[in-house]
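Encoded as structure tokens, the structure appears first; notes follow it.
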Amino acid sequence: MSNPNAAEEVALIKTSAGDMVVEFWSDVAPKTVENFKKLARQGFYDGTAFHRVIRDFMIQGGDPLTKDPGMEHRWGTGDPGYKIKAEFNDRPHRKGVLSMARSNHPDSAGSQFFVVHGDASFLDRQYTAFGKLMKGLDVLDKIAATPCKAAGESSPSRPVQRQHVESVTIVARSTVA
């Protein structure tokens, strides 16, 4: 590890609904964790929205196109300009788990992530789980409960009122414990 304190780092995700704190699973998804931290340190996630919300399943964010309301028709397709290799592992997709969103291709994740809101075991070993909420389950519940409208798919998943990420910062675990 290039940074000996990296294992003690967590992500503080400030949202319009409150704060969430994520501990990382570098032991099972080291490249995914480093990619997320890199993007967070660059301010990549600041101002993005949770563009896909399905109660009892997940909330999805991390698309840079969501910074522009005029691009709503393309929300869900944005990335940082590159893809990362999947790091499928045995960590289960249960409530509070942070995982990478992707298209049908296993190695198509870039910046979009989701936080599981219910049991999503059908995603196990098919999506890269790379962390878990250590604080903020109430915020997850609040965002997941937001009313949604249809956004091109059969079930409504686009929040009627914008649910956004104010900032994602990487901080020492001791500062949020």
Inset, instruction - Please state which of the following conditions Arg52 fails to meet, knowing it meets all the rest: (1) touching a residue at least 40 places away in the same chain (Cβ under 8 Å); (2) charged (D, E, K, R); (3) surrounded by fewer than 21 Cβ atoms within 10 Å (Cβ to Cβ). - result: (3)
Inset, instruction - Kindly provide the set of residues from the range 106-117 that are surrounded by fewer than 18 Cβ atoms within 10 Å (Cβ to Cβ) and either within 19 Å of Val28 (Cβ to Cβ) or modelled with pLDDT under 95 (or both), ordered by number. - result: Pro106, Asp107
Legend entry - Top-ranked residue in the range 43-59 [being part of a strand (DSSP E or B) and closer than 15 Å to Val139 by Cα; ranked as farthest from the chain's Cα centre (by Cα)]: Ile54
Inset, instruction - Would you confirm whether any residue within the range 38-59 is touching a strand residue (DSSP E or B) at 6+ places or on another chain (Cβ under 7 Å) and among the basic types (Lys, Arg)? - result: yes
Inset, instruction - Please identify the pairs in which a residue from the range 160-172 that is closer than 11 Å to Thr66 by Cα and touching a residue at least 60 places away in the same chain (Cβ under 8 Å) has its Cβ atom under 9 Å from the Cβ atom of a residue that is acidic (Asp, Glu) and not in a strand (DSSP E or B), counting only partners at least 6 apart or on another chain. - result: Val165/Asp46
Legend entry - Residue count, the range 22-42 (criterion: in a strand (DSSP E or B) and crowded, with 20+ Cβ neighbours inside 10 Å): 2
Inset, instruction - Would you confirm whether any residue within the range 150-159 is under 11 Å from Met20 (Cβ atoms) and surrounded by 13 or more Cβ atoms within 10 Å (Cβ to Cβ)? - result: no
Legend entry - Number of positions in the range 132-149 that are surrounded by fewer than 20 Cβ atoms within 10 Å (Cβ to Cβ) and outside any strand (DSSP E or B): 7
Legend entry - Some residue of the range 74-82 being more than 14 Å from the chain's Cα centre (by Cα), over 22 Å from Val28 (Cβ atoms) and small (Gly, Ala, Ser): yes
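The values are calculated or read from the model by the stated rules, or taken from the named source; none is laboratory data. Since the structure is predicted, the reported quantities are computational estimates derived from the model, not experimental observations. Positions of Cβ are backbone-derived with ideal geometry, glycine not excepted, and every protein chain shown enters the neighbour counts.
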